[in-house]
Structures are given as C-alpha cells and as structure tokens.
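Take a look at the structure set out below.
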Amino acid sequence: MTRFDSGLVVKQPVLRWFNYLLMSLFVLMVIVPLVIVIMVSFKTNEEYIHSSVWDLPLNWFNWENYWTYFKRGKMLIGFKNVAILIIVALTSSIFMGTMVSYVISRFQFRGKKLLLGAYVLAAIFPATTTAIATFTIIKSLHLYNTIWSGCLLYSATGVLDIYLFLQFMYKIPLELDQSARMDGASHFRVYSSILLPLMRPAIATISILKIVGIYNDFFIPTVYMPALKLSTITSGLMVFTTDRVSQWNVLSAGIVAVMLPTMVIYVLMQRHIIAGVTDGSVKS
C-alpha cells in the first residue's frame, strides 16, 4: 500500500520532540485553569479564602455553590432566553446565509465582487470598534433592554457562514438548476427544493457553531439586555461579582455549569463540524 506524505510529518527526532513539548504546554494551559476552577467550585467561601488554589476541597460533594448559582443566577430564565435567541437567530441567519450564497454562486450581476469584498471588509474590523454605533442604532430602534436586540444582532450572517455555504454551493452541479428550470421551477423552488437539502452538512456545521457561540456569548446579553429577566446563562454570572467583592467559589460553580453543555456538544458533534468544514473546502 502506498503511503502518501501529507507534508506535515516531522522526520527529525529533535523537531518532533519539540512539537510534542509545545503541544503538551498548550494542553497544560487549557487543563490547569479548568482543574483549578472545578476544585474551587466545591469549596465553601471560608475554605476558599484560607486555602491555596491547589488545595483539594474538603468535601467533593458540596453542591451548595451550584445550587446558589442555579437560584440566584436565574439559570432557568437564562436557558429560556438562550433558547429564544438560538431559535430566532439560527433560523434567520441560515436562511439569509444560504440565500446570499445562492445568489452569489448562481447569478452574474454588476457589483458581485464588490459585495463579496464588503463581507470580507466587515470581518476585518473587530466588533468592539463598532460597538458605539451599534448601540446607538439599537437604542434608536427602541430595542434596548429587550430580547429582540439580541435576536437582531445574532441574526447577522457572518463571513464564515457565507464562505462555507458558498463552497458547498459551488460543488452542486449547475445542471441540476438548469433541469429544474426547464421543468418550470422558479428560482426559489430550485433553492428550497434542490439546493437547500443538499447543503445539510454545511447547515449542520454552521448550526453547531452558532449555537455554541450564542450560548457562550457574554458581551451582547450584558450590554444590550441588562435586565435580570433577560439574563442568559453567561450573563447570570454577573450577579456574583461587583467592583469590590466577588464570590469566586460560586462563580467557579457557575463557570463549570455553563461550560458542561458546550463541552458535551463539542465532544458529540466535533466529527460533524470537521466534516462540514473539510467537505466544503474541496471542490469535486
């Protein structure tokens, strides 16, 4: 059997061991803070103050911090608000992203390259640089401190979404469109009945990334939805911190509670994420 060299295999032993050492350091940088947060989440406030972060908790079954976060952090309200944001944003962003990709990949029109350049240009600027302008627009639309501000901002289709959708759209033969058009199908019928079902891998990939992104986001709920009844899973952590005092043991419990669902999603769905990205990056 012929072995194909990908070009990424390091043959020198010294360089190979250096790569292993570098990867081990990166793993430690991720694992060590996680272990510390988990240990602190099981400590009482007095135990946290009088012990080192490396000291094991006296009681590994101390769930009081988790219960405190569940009650005072309004976890049920947070799950409800996150679910609303995900459903609205996912539906609208996928619909807009696939429609934009369909138009760009299937039609020739003046300003097509300019449109693609505008999407790329928008991705260059960090979101923080446009935060003041965005906040002013949301305020003028009377959406501030309502859940619709989050729905509107999350519904925006990102450049990554359009890029993946475009790669999948380019792989679908134009003959399918032409055959359907000859049978009398409209452009929307071609899009909804032929192209959209064939783009399921890309839609699944974008959906997973979008869900995790909205679930973990802290900026938009805190800035645009500060009311306690509009708190999400992550913004609920702000209840336990002020400019003077923070309940680090309860915060740690909240961080673990917030982190667990995303870890489960990544573990279960990482194959679909990688498959969606790699399938869309290679043209047939």
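Condition (residue is aromatic (F, W, Y), part of a helix (DSSP H, G or I), within 26 Å of V159 (Cβ to Cβ) and within 15 Å of the chain's Cα centre (by Cα)) applied to the range 222-238: is it met by at least one residue?
So far as the range 222-238 goes, no, none of its residues is aromatic (F, W, Y), part of a helix (DSSP H, G or I), within 26 Å of V159 (Cβ to Cβ) and within 15 Å of the chain's Cα centre (by Cα).
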Out of (1) in contact (Cβ under 8 Å) with a residue 24 or more places away in the chain; (2) under 24 Å from L85 (Cβ atoms); (3) in a helix (DSSP H, G or I), the one L166 does not meet is (2)
Restricted to the range 181-208 and to residues being surrounded by fewer than 18 Cβ atoms within 10 Å (Cβ to Cβ) and of a type in the set (A, V, I, L, M, F, W, C), the residue nearest to Q108 (Cα to Cα) is F188
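Yes/no per residue for (1) at pLDDT 80 or above; (2) within 25 Å of the chain's Cα centre (by Cα); (3) under 25 Å from P221 (Cα atoms); (4) among the charged types (D, E, K, R):
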residue: T129; (1), (2), (3), (4): no, yes, yes, no
residue: G158; (1), (2), (3), (4): no, yes, yes, no
residue: Q167; (1), (2), (3), (4): yes, yes, no, no
residue: S179; (1), (2), (3), (4): yes, no, no, no
residue: F188; (1), (2), (3), (4): yes, no, no, no
residue: L198; (1), (2), (3), (4): yes, yes, no, no
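One line per residue, one yes/no per condition, for (1) in contact with a Pro (Cβ under 6 Å, 6 or more places away or on another chain); (2) outside any helix (DSSP H, G or I); (3) at pLDDT below 70; (4) over 30 Å from Y163 (Cα atoms):
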site	(1), (2), (3), (4)
R244	no, yes, yes, yes
L251	no, no, no, yes
G254	no, no, no, yes
Y266	no, no, no, no
H272	no, no, yes, no
S284	no, yes, yes, no
Residue set I233, I208; condition in contact with a Gly (Cβ under 7 Å, 6 or more places away or on another chain) and within 19 Å of V82 (Cα to Cα); output residue I233
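Can you give me the number of residues within the range 111-130 that are part of a helix (DSSP H, G or I), of a type outside the set (S, T, N, Q) and loosely packed, with under 10 Cβ neighbours inside 10 Å?
Start the filter on the range 111-130 by keeping residues that are part of a helix (DSSP H, G or I), which leaves 112-124, 127-130.
The next check asks that each one be of a type outside the set (S, T, N, Q); those that pass are 112-124, 127.
Now restrict to residues that are loosely packed, with under 10 Cβ neighbours inside 10 Å: 113-114, 124.
Matching residues across the range 111-130 total 3.
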Looking across the range 26-83 at residues that are loosely packed, with under 12 Cβ neighbours inside 10 Å and of a type in the set (D, E, K, R), the single one that is nearest to the chain's Cα centre (by Cα) is K71
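Going through the range 69-86 one residue at a time, which ones are without any contact (Cβ under 8 Å) to a residue 24 or more places away in the chain and in contact with a helix residue (DSSP H, G or I) (Cβ under 9 Å, 6 or more places away or on another chain)? Can you show your working first?
Restricting attention to the range 69-86, the residues satisfying the condition of being without any contact (Cβ under 8 Å) to a residue 24 or more places away in the chain are 71, 76, 80, 83.
Selection gives L76 alone.
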*Condition met for S140 (modelled with pLDDT of 85 or more, closer than 24 Å to I206 by Cβ, in the same structural domain as M169 (by TED's automatic domain parsing) and of a type outside the set (F, W, Y))*: no
Selection from the range 207-223 of residues of a type in the set (A, V, I, L, M), touching a residue at least 60 places away in the same chain (Cβ under 8 Å) and under 25 Å from L164 (Cα atoms) yields I208, L209, I211, I214, I220
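Could you say which residue among V88, V103 is over 21 Å from the mean Cα position of the chain (by Cα) and assigned by TED's automatic domain parsing to the domain that holds S207? Don't jump to the end; show me each part of the working.
Details: V88 fails: over 21 Å from the mean Cα position of the chain (by Cα).
Going through V88, V103 in turn, just one is over 21 Å from the mean Cα position of the chain (by Cα) and assigned by TED's automatic domain parsing to the domain that holds S207: V103.
Kindly evaluate G184 against the criterion of being of a type in the set (G, A, S), without any contact (Cβ under 8 Å) to a residue 60 or more places away in the chain and over 25 Å from T128 (Cα atoms). Explain how you work it out, then say what you get.
Numbers: of a type in the set (G, A, S): yes; without any contact (Cβ under 8 Å) to a residue 60 or more places away in the chain: yes; over 25 Å from T128 (Cα atoms): yes.
Spelling it out, G184 is indeed of a type in the set (G, A, S), without any contact (Cβ under 8 Å) to a residue 60 or more places away in the chain and over 25 Å from T128 (Cα atoms).
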Filter the range 89-110 for residues that are free of Cβ contacts under 8 Å to residues at least 40 places away in the same chain and polar (S, T, N, Q); the one that is surrounded by the fewest Cβ atoms within 10 Å (Cβ to Cβ) is Q108
Flagged in the range 188-206 as in contact (Cβ under 8 Å) with a residue 40 or more places away in the chain and not small (G, A, S), in numbering order, are Y191, L195, L196, M199, P201, I203, T205, I206
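The values are calculated or read from the model by the stated rules, or taken from the named source; none is laboratory data. What you are looking at is a predicted structure, and each value in this text was computed from that prediction instead of being measured. Cβ: placed from backbone, ideal geometry, glycine included. Neighbour counts: every protein chain shown.
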